[in-house]
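Okay, structure first, notes after.
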Amino acid sequence: MAVAQVALRLGGALVLHGDGLPVRIADVGFLIAGYRAGAWLSGRASLIIVPLLGAGACGCALIAEGPAAHDWRRLAVTAVSTGVLPWLVGRYTTARGAYIAELEQRERLRRQEQRAALDRALADEREAIARDLHDVISHHVSAIGIHAGAARLALAAGPAPDVSAT
């Protein structure tokens, strides 16, 4: 898209300048192309597009023979504002979006870990309650067994002596 935009802008500058029309018609296209190159492209392709956009903007200024054509500082500002600045905005926007997505992913993982820790704590507490309940029931059953054994021994020994007669 950026290559097509540069070609269109240079072609437009050649055609429109001859008729005395302004060349700045395609500035929005340059801004969009620079933004998209910064936001969507990565690596070498992205870095190739930036100077191409800057050179295209400078070439249009030179063809149109405007005020920027006679001052290298204005040409540099044109190249930076048309090529580098939109690319940087695209890079920043994409990096910020990736950073926000990473933070959201971290938050989801943190919540999942908290839920897992809560589930483990609940399971541990239920297990402890079950152990305690088992211990209490075992103690009571043992006590019942001891009482039953003592009652059996008392019945086998015969009637208990009457202590109130003495």
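The values are calculated or read from the model by the stated rules, or taken from the named source; none is laboratory data. Everything numeric here is computed off the predicted structure, so don't read it as measured data. For neighbour counting, all protein chains shown are included, and Cβ atoms are generated from backbone atoms with ideal geometry for every residue, glycine included.
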*Residue that is among the aliphatic types (A, V, I, L, M), modelled with pLDDT under 95 and either under 30 Å from residue 58 (Cβ atoms) or over 29 Å from the mean Cα position of the chain (by Cα) (or both), where the choices are 76, 98*: 76
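Residues checked against (1) surrounded by 13 or more Cβ atoms within 10 Å (Cβ to Cβ); (2) outside any helix (DSSP H, G or I); (3) modelled with pLDDT of 80 or more; (4) touching a Lys or Arg at 6+ places or on another chain (Cβ under 6 Å):
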{"position": "6", "(1), (2), (3), (4)": "yes, no, no, no"}
{"position": "17", "(1), (2), (3), (4)": "yes, no, no, no"}
{"position": "28", "(1), (2), (3), (4)": "no, no, no, no"}
{"position": "52", "(1), (2), (3), (4)": "yes, no, yes, no"}
